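What follows is calculated from the coordinates using simple rules that are stated; it is not laboratory data. Predicted model, so just to flag it, every value in this text is computed and none were measured. Glycine gets a Cβ as well: all are built from the backbone with ideal geometry, and neighbour counts include every protein chain shown.
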2 protein chains.
Amino acid sequence: MNLDFTFQNPTRIHFGRSAMNHLADELKKFGPNILLVYGKNSIKKMGLYDQVIRTLKECGKNVVELPGINSNPRYSQLLEGARLVREHHVDLILAVGGGSVIDCSKGIAMSAYCEGDPWTRYWENGEDVDNPVVPVASILTMTGTASEMNGGSVITHEDKKLKLGRVFPLELASPKFSILNPEFTYSVPKYQMVSGIFDIFSHLMEQYFSGDDDCVSDYLLEGDMLALISAARKAIVNQEDYEARSNIMWCATMGLNKILALSKTQDWEVHMIEHQLGAYTDCAHGIGLAIISVPYYRHIYKYGLHRFVRYAQNIWHVAPEDKTDEQIALEGIQALSDFIAEMGIPQTLREVGATEEMLPLIAESTVKCGGYHVPTTGEVLEILKACY
Amino acid sequence: MNLDFTFQNPTRIHFGRSAMNHLADELKKFGPNILLVYGKNSIKKMGLYDQVIRTLKECGKNVVELPGINSNPRYSQLLEGARLVREHHVDLILAVGGGSVIDCSKGIAMSAYCEGDPWTRYWENGEDVDNPVVPVASILTMTGTASEMNGGSVITHEDKKLKLGRVFPLELASPKFSILNPEFTYSVPKYQMVSGIFDIFSHLMEQYFSGDDDCVSDYLLEGDMLALISAARKAIVNQEDYEARSNIMWCATMGLNKILALSKTQDWEVHMIEHQLGAYTDCAHGIGLAIISVPYYRHIYKYGLHRFVRYAQNIWHVAPEDKTDEQIALEGIQALSDFIAEMGIPQTLREVGATEEMLPLIAESTVKCGGYHVPTTGEVLEILKACY
């Protein structure tokens, strides 16, 4: 744990089949005006919308709604939410949905009382938040982003064709409480489920593939990866396997609630590339990550060879006998590729709506950060072509 | 994650060589009257006492001191602290030391305004705390108990010859902030260092050896165990290896800040036996745990065979080929025994001051909880005799 850190995560988690029983008690801690943020029709189909509205009414709340949040939440929706917060003097933003809905809600919370243009100040320039912030809480129906227990808010500016993630301080932005009932995730289509699984897996790898020290967080990241692989293999067979779905849900929350990143430098280049893929196509986030990961790691493994050897052995149980480190590392990446195929995830950008013309635009607009190696635009283009 | 849970850990952690830089800012959040709790002379020898006093004075605090806390903190010391809190209208109890000092401080915080006898109400009967609680903060100088980020308070009632642990709710008892500088642990004698290491290892095993499901927390516990073994082997060679000592410190905090226990049933029988050993002898806590663990696990492994097989393979890399599950499990426990010897820890109760006459008294007074199996008094006696 060579790098100093300060850590506090204030989110209260209610997890399990009975988690919703805590909603009323939590709501009582906040004022009367609630902005209810959600996506398309799924929470109505599953009956959750009615259940939430009933509890809100029983608690005497005034409810204003912001429905229709996209899977890549748009800045225009954020601005509409911010307007509603000001107009109705909202005391709590209650996000019911997946990471997009919660990310959008956090963006609204940060922006409602911002002086100036929130996009420029908070997403483009990364300024400190200097205005009052409305508390956010969440009821999770789709797992992956860990937005339920972190300060992240990824927003797409549709006019600028930019998808930017901002990680706000946990004490400001992390939900005050989050309700996690794994059964709520049953109704997510299989394609979205595996997208979520790979989003989680990518979060773990982005945190893992950096640093040269023997850091506790790396061991915990390995534990979370192994738990996820085991659970994913069960969930793909039976989407209503409670044990598997609950494990996936908790792997996700632990995977990006910051506790496994402590004292770590990190990578996040795969996410940077995928964000721009998401700005040009409607590709599901986790699917895009899966497609990009394999050529990305094949490109950068030689810069962090020791770590890719460790990954191959500890995560994919690659036997080291009679092999060079290069061979071991590449077998680990191949095992990752095989796992992606096993999950039924597409392997090419073509299949998710990218065209050849888009590739240079995506490469150019991608933020270059990197872990063991910071890629150039040319290298990103090479990676994109390798999975086109 | 089959068992429902609610989780929130409010402690803010400042970790690393620069952690003390945050002390003044943290102190400013509390009122002027501080009870400074510490142990014997070590914090004075290392210069930490002077540094803390200087910062307290610079922040304009009034300081009253409670020095001399034992390694098994005594109820009489707790009562003395409670009296000081009332007399001086203490706003914050600042614990500077190891787990004993922090445990005692939490006990004081819970007891100062308790109506009736705190020992009977909160430790013996486990009643809910219904009185105002004074906030606690900590500066850690010895690692092991994770008291710096949990609600536990283990107190010894010297007249009753009882050592009882009470886990108070995190939001009430967990320190508001904790300062963790691994360099502060360098001065701890080697014997105390390995005692701390085995205390951590025991916490992880007590949480691990229970349950039949495929739970994320088990994978994370395995990660923490592997990190600890790696770091312990480096620290035993060089006590001032910052990477090793910082990893041990964070393994400890993660090992019992409740996050790796989520959705787990647990065991804790080894701790129950050791607590009574501690009531009869002055044995260092972690040393007692190490001595008791091996015969305890040899006694109970057959009740949770699958888990002991997993432990042998994942933690000690026991090769499964051509072996029965029994053989694999027992090889894992032997590897644990070998690790204890490698750390230079005594292997018998005799070496830590127990007499043969004490054994039935310890067995009789031990709380029986258990994970895969709840032992009888006769079985506890058998376990004690096996390591006498």
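With the cut-off at 1.5 for a/c, could you classify segment B:12-185 from its C-alpha gyration tensor as rounded, prolate or oblate? Numbers along the way, then the final one.
Details: a/c = 1.65, a/b = 1.45, b/c = 1.14.
Prolate is the answer for segment B:12-185, as a/c is 1.5 or above and a/b outweighs b/c.
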Self-check item: Antiparallel bridges, percent of DSSP beta bridges restricted to the protein assembly as shown (to nearest 5)
Solution: 30 percent
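If I take R0 = 60 Å and measure r between the Cβ atoms of B:Lys57 and A:Glu326 in this structure, what FRET efficiency does the formula 1/(1 + (r/R0)^6) give, to the nearest 0.05?
Working: r = 59 Å, r/R0 = 0.99.
Once rounded, the FRET efficiency stands at 0.50.
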Quiz item: Considering only the label points, 7 Å along Cα→Cβ from Cα, what distances in nm to one decimal separate B:Asn41 from the same position in each other copy, shortest first?
Solution: 7.9
Quiz item: Taking a ≥ b ≥ c as the square roots of the eigenvalues of the Cα gyration tensor of chain B, is the shape rounded (a/c under 1.5), prolate (a/b larger than b/c) or oblate?
Solution: prolate
Quiz item: Given q = 0.13, 0.17, 0.19 Å⁻¹, what are the Debye log10 I(q)/I(0) values for segment B:92-233, with equal point scatterers placed on the Cα positions and solvent ignored?
Solution: -0.65, -1.03, -1.18
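Restricting to chain B, compute how many DSSP beta bridges are antiparallel as a %, nearest 5.
Details: 6 of 29 bridges.
Counting DSSP beta bridges with both partners in chain B, the antiparallel share is about 20 percent.
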Exercise. Inverting the mean 1/r over all pairs of different Cα atoms, compute the Kirkwood radius of segment A:164-254 and quote it in Å.
Key: 14.5 Å
Quiz prompt | Given charges at beta-carbon only (K, R positive; D, E negative), |dipole| of segment A:249-388 in Debye | solution = 460 debye
Exercise. Can you tell me the order of B:15-27, A:180-192, A:263-275 when each peptide is scored by its average per-residue count of other Cβ atoms within 10 angstrom, highest first?
Key: A:263-275, A:180-192, B:15-27
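Taking a cut-off of 32 Å, what percent of all Cα-Cα pairs in segment B:190-386 are separated by more than that? Intermediate results must be reported in sequence, preceding the final value.
Values: 2112 of 19306 pairs.
Across segment B:190-386, Cα pairs with separations above 32 Å total 11 percent.
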Practice problem: May I ask for the distance between the Cα centers of segment B:108-164 and segment B:236-298, given as a whole number of Å? | Solution: 19 Å
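How would segment B:340-383 be classified by its alpha-carbon gyration tensor: rounded, prolate or oblate, with rounded meaning a/c under 1.5 and the a/b versus b/c comparison settling the rest? Numbers along the way, then the final one.
On the way: a/c = 3.07, a/b = 1.37, b/c = 2.23.
Because a/c hits 1.5 or more and a/b fails to exceed b/c, segment B:340-383 counts as oblate.
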Quiz prompt | Dipole axis of the protein assembly as shown (+1 Lys, Arg; -1 Asp, Glu on Cβ), positive-most option in A:Val136, B:Gly223, B:Gly278 | solution = A:Val136
Practice problem: Select from B:Gly165, B:Leu66, B:Gln51 the residue farthest towards the positive end of the dipole of segment B:12-185; place +1 on Cβ of Lys and Arg, -1 on Cβ of Asp and Glu, and compute about the Cα centre. | Solution: B:Gln51
Self-check item: 10 Å Cβ neighbours from other chains, averaged over peptide B:11-18
Solution: 5
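Take peptide B:226-235, look around each residue's Cβ out to 10 angstrom, count Cβ atoms belonging to other protein chains, and average those counts. Mind showing how you got there, number by number?
Values: counts 7, 10, 2, 1, 3, 5, 0, 0, 1, 0.
Mean inter-chain Cβ contacts per residue within 10 Å come to 3.
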Self-check item: Most fluctuating residue given options B:Gly116, B:Gly370, B:Gly68, as computed from a GNM of chain B linking Cα atoms under 10 Å
Solution: B:Gly116
Quiz item: Peptide A:247-253: average number of partner chain Cβ atoms within 10 Å per residue?
Solution: 4
Quiz item: Once you charge only the Cβ atoms, +1 for Lys and Arg and -1 for Asp and Glu, what is the size of the charge dipole of segment A:1-125 about its Cα centre, to the nearest 20 debye?
Solution: 480 debye
Quiz item: What percentages, rounded to whole numbers, describe P(r) for the protein assembly as shown computed over all alpha carbon pairs with 10 Å bin width beginning at zero?
Solution: 3, 13, 23, 25, 20, 12, 4, 0, 0
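If I take R0 = 25 Å and measure r between the Cβ atoms of B:Glu65 and B:His89 in this structure, what FRET efficiency does the formula 1/(1 + (r/R0)^6) give, to the nearest 0.05? Could the numbers behind the result be given before it?
On the way: r = 16 Å, r/R0 = 0.63.
E between B:Glu65 and B:His89, to the nearest 0.05, is 0.95.
Between their Cα atoms, which of A:Lys106/A:Lys264; B:Lys28/B:Lys61; A:Lys40/A:Lys258; A:Lys28/A:Lys57; B:Lys29/B:Lys176; A:Lys106/A:Lys163 are more than 19 Å away from each other?
Working: A:Lys106/A:Lys264 25 Å; B:Lys28/B:Lys61 9 Å; A:Lys40/A:Lys258 29 Å; A:Lys28/A:Lys57 12 Å; B:Lys29/B:Lys176 10 Å; A:Lys106/A:Lys163 15 Å.
Flagged as over cut-off: A:Lys106/A:Lys264; A:Lys40/A:Lys258.
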Quiz prompt | Label-point separation, A:Glu127 to A:Asp212 (7 Å along Cα→Cβ), nm | solution = 3.9 nm
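Let me check against my output: what whole-number percent is the relative contact order of chain B, with C-alpha pairs under 8 Å and at least 6 apart?
Details: 734 pairs, mean separation 61.6, N = 388.
Across chain B, relative contact order equals 16 percent.
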